[in-house]
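The values are calculated or read from the model by the stated rules, or taken from the named source; none is laboratory data. Since the structure is predicted, the reported quantities are computational estimates derived from the model, not experimental observations. Quick reminder, even Gly has a Cβ in these numbers, built from the backbone with ideal geometry, and neighbours come from all protein chains shown. To get the accessible areas, we keep the full protein, side chains included, count just its heavy atoms, and leave off ligands, DNA and RNA. Shrake-Rupley method; radii C 1.70, N 1.55, O 1.52, S 1.80 Å.
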Amino acid sequence: MCMNLRRFCSCGRNSAYLSCRDNLLPAEILVNLFCPECRPGSITAATMLADCGWVLEYDVDRAQAYFTLKGIRSPATPDFIFDAGYLSWQGLAPGDQEVNTRLHQRLAPLIEQDLALYLQSLRSEWVAHVARLKAAGWRKAQAT
Ligand SMILES: [Zn+2]
């Protein structure tokens, strides 16, 4: 099960959809979320992870306490928390949820006209979207 939440960045101009794998970490473990417009000048690797201009800052000590409690052996580094999906983008990038919703809305008229074409378009447009994310350097897209 995955609890999904929307979180605004520090400056409030942008937001991201996040997912918490197994609901293991509470959302407050992400102490700060910065968009490309409000990101700090330098990154503290011990607590922060940068992804295409966005920066996620974690409370790694508290995350470590949750991991220890649940018997997760990997150290609670920002890389591990993000890559293992314990507090990470929902989908592959901050705006994926909205992209997906817009895509479904745009193609919806096709459902009654040609269901096969609808499904095919949905798939091919999403594949193209993921390819764009990958080319842009988004971290989670690299693994696809
Ligand atoms: Zn911001």
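See the values below:
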| read-out | value |
| --- | --- |
| Helical segments meeting 24 Å axial Cα length and Kyte-Doolittle -1.0 threshold in the chain (DSSP H) | 115-136 |
| Helix-derived mean residue ellipticity, 222 nm - over the chain, DSSP H n ≥ 4, -39500 (n - 2.57), to 500 | -11500 deg cm²/dmol |
| Gaussian network model of the chain, Cα within-10 Å springs - most flexible of Ala93, Ala16, Ala108 | Ala108 |
| FRET efficiency, Ile111 to Arg62 (Cβ-Cβ, R0 30 Å, nearest 0.05) | 0.10 |
| Three-way shape label, region 1-68, alpha-carbon gyration tensor, a/c 1.5 | oblate |
| Solvent-accessible area per residue for the chain (1.4 angstrom probe, square angstrom) | 55 |
| For Leu30, solvent-accessible area (1.4 Å; no DNA, RNA or ligand), Å² | 0 |
| Cβ charges +1 (Lys, Arg) and -1 (Asp, Glu), total dipole of the chain, debye | 100 |
| Value of relative contact order over region 1-132, rounded to a whole percent, pairs C-alpha under 8 Å and six or more apart | 22 |
| Carbon and sulfur %, accessible surface of the chain computed with the full protein complex present, 1.4 Å | 54 |
| Net charge of Cβ neighbours under 12 Å - reference Val130; Lys, Arg +1; Asp, Glu -1 | +2 |
| Net charge over other residues, Cβ less than 12 angstrom from the Cβ of Cys11 (K, R count +1; D, E count -1) | +1 |
| FRET efficiency, 1/(1 + (r/R0)^6) with R0 30 Å, evaluated for Cys38 and Leu69 via beta carbons | 0.40 |
